[in-house]
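K.L.:
Structure in structure tokens, see below.
The values are calculated or read from the model by the stated rules, or taken from the named source; none is laboratory data. It should be emphasised that the depicted structure is a prediction, and the values quoted were computed from it without experimental measurement. FYI the Cβ positions are ideal-geometry reconstructions off the backbone, even for glycines, and counts take in every protein chain you see. The accessibility values were calculated without ligands, DNA or RNA, using every heavy atom of the protein model including side chains. Shrake-Rupley method; radii C 1.70, N 1.55, O 1.52, S 1.80 Å.
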Amino acid sequence: MDWNDLRYFLCVARSGSLTQAAGELDVSQSTVSRRIGELESSLGIVLFARSQTGYLLTDEGREVLRHAEQVEDSVMALERGAAGIDKMPVGTVRLATSENLATDLIIPAMPAFKARYPGICIEIITSTVTAELGRREADIALRVIRPARGNLKVRRVGHMTYSVYGSRGYLDDHPPVEGEPLAGRHFIAWDESHAHLPAAAWLAREHPACRIALITSSLPAQIAAVRAGLGLAVIPDFLAVDDDFVRVVPPEQVFSNELWLVTHADLAASARIRAVADFLADQVVNANPRLAVAR
């Protein structure tokens, strides 16, 4: 059996779509269809029920999926082990983090890193969807949520607090009501696809009836909306350094997160991974007094 056939099978099984699988694998739909057909022929079973809505696993397909994922885990472990053998800090490191951490913390510090490690190329993946380190979607991650499973090495490197902010002009135009900091004021909120984020969950839980001025899908857009005077938003304190930003609700009444540096255990000994991890912990996070962990 060809491992590549299993790769095609896994991609279709997870996406339920030839089109999406072809895009992820960077091949044509006909190639995906052919490889699935060859796998079904070699196994002598039907793996998918084809329909207009997509590809659904048959009972036999679900059993094959279980075994295929075990094979995939073994192959990934082999790749991680080989990647961790390097002794020189050279090569590409895929870093998964949030957009605001990338643009406001990591990228500004990159010139110093490149001067010290010219042989390392960092590939930054910014998304609100957690990258899977076990499947090599990323080599290392800087996260505000500690992972609960996986063969991972987790290190607490910082502490991030959040407050509700508004622009000075907006607050002047919308004076406070004593004891009700959001009364008479509008809020800038996350869209439904980001309802799982801590800031969205806090607003839904603590102020479900607040008036919404704007709904966005990114923190930079929310910060721009606050700066434009559209309303209030939950913003990490380390980003609200502009004199025009005024704190309306302090962090002790909002929430805070730890910052976690996460690597796969198989890659922890890699020189390039260690170089990036130390850079993130020492030169990026601890260099910022608003994020540094108390000693």
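K.L.:
5 Å is the cut-off here: which amide hydrogens, built 1.01 Å from N in the peptide plane, fall below it relative to F48, excluding neighbours closer than 5 in sequence?
P.N.:
Counting only residues 5 or more places away or on other chains, the set is T58.
K.L.:
Sequence-distant or interchain residues sharing an amide H contact under 5 Å with L259, placed H: which?
P.N.:
V157, G158, H159, M160
K.L.:
Run lengths n ≥ 4 of DSSP H only: what is the helix-derived mean residue ellipticity at 222 nm for the chain, with -39500 (n - 2.57) per run over all residues, to the nearest 500?
P.N.:
-10500 deg cm²/dmol
K.L.:
Quick check: the angle from helix 3-15's long axis to the longest principal axis of the chain, C-alpha only, nearest 10 degrees?
P.N.:
The answer is roughly 40 degrees.
K.L.:
Taking only protein heavy atoms into account and a 1.4 Å probe, give the accessible area per residue of the chain in Å².
P.N.:
52
K.L.:
While we're looking at this one, here's another question. Does the range 159-256 come out rounded, prolate or oblate, given a ≥ b ≥ c as the square roots of the eigenvalues of its C-alpha gyration tensor, rounded meaning a/c under 1.5 and, failing that, prolate meaning a/b above b/c?
P.N.:
Here the range 159-256 falls in the rounded category.
K.L.:
What FRET efficiency would be calculated for the residue pair R34, R66, taking the C-beta separation as r and a Förster radius of 35 Å, to the nearest 0.05? Don't jump to the answer; show the numbers that get you there.
P.N.:
Numbers: r = 24 Å, r/R0 = 0.69.
The value I calculate is 0.90.
K.L.:
Under 5 Å between amide hydrogens, which residues at least 5 positions from A189 or on another chain qualify, with H placed 1.01 Å from N in the peptide plane?
P.N.:
Sorted by chain and number, the residues that satisfy this are A213, L214, I215, T216.
K.L.:
In sequence order, what are the phi-derived ³J(HN,Hα) couplings for the range 108-117 according to the Karplus relation 6.51 cos²θ - 1.76 cosθ + 1.60 with θ = phi - 60°, rounded to whole Hz, with x for glycine and proline?
P.N.:
Values, residue by residue: x, 8, 4, x, 5, 5, 5, 5, 8, 10 Hz.
K.L.:
Shifting gears a bit: Taking the Cβ-Cβ separation of V90 and R146 as r and a Förster radius of 30 Å, what is the calculated FRET efficiency to the nearest 0.05?
P.N.:
Values: r = 30 Å, r/R0 = 1.01.
About 0.50, to the nearest 0.05.
K.L.:
Using only the Cα atoms of the chain, what are the Rg and Dmax in Å?
P.N.:
For the chain, the Cα radius of gyration and maximum Cα-Cα distance read 23.4, 73 Å.
K.L.:
Show me, for the range 38-44, the HN-Hα J-couplings you get by feeding each phi into the Karplus relation (A = 6.51, B = -1.76, C = 1.60, θ = phi - 60°), rounded to Hz, glycine and proline as x.
P.N.:
Once rounded to whole Hz, the list reads 5, 5, 4, 5, 5, 8, x.
K.L.:
For C11, C121, what's the largest-to-smallest order of accessible area, 1.4 Å probe? Intermediate values should be presented prior to the final figure.
P.N.:
Numbers: C11 15, C121 70 Å².
Ranked list, largest accessible area first: C121, C11.
K.L.:
How large is ³J(HN,Hα), in whole Hz, for each residue of the range 60-68 in order, when computed from phi with the Karplus curve 6.51 cos²θ - 1.76 cosθ + 1.60 and θ = phi - 60°, using x for Gly and Pro?
P.N.:
Calculated HN-Hα couplings, in order: 5, x, 5, 5, 5, 4, 4, 6, 5 Hz.
K.L.:
If you roll a 1.4 Å probe over the chain with all protein chains in place, what percent of the accessible area is carbon or sulfur?
P.N.:
Its accessible area is 52 percent carbon and sulfur atoms.
K.L.:
Quick one: work out the % antiparallel among DSSP beta bridges in the chain, nearest 5.
P.N.:
Of all bridge pairs located within the chain, approximately 65 percent are antiparallel.
K.L.:
On the full set of protein chains, 1.4 Å probe, figure out the accessible area of H67 and give it in Å² to the nearest 10.
P.N.:
Answer for H67: close to 90 Å² accessible.
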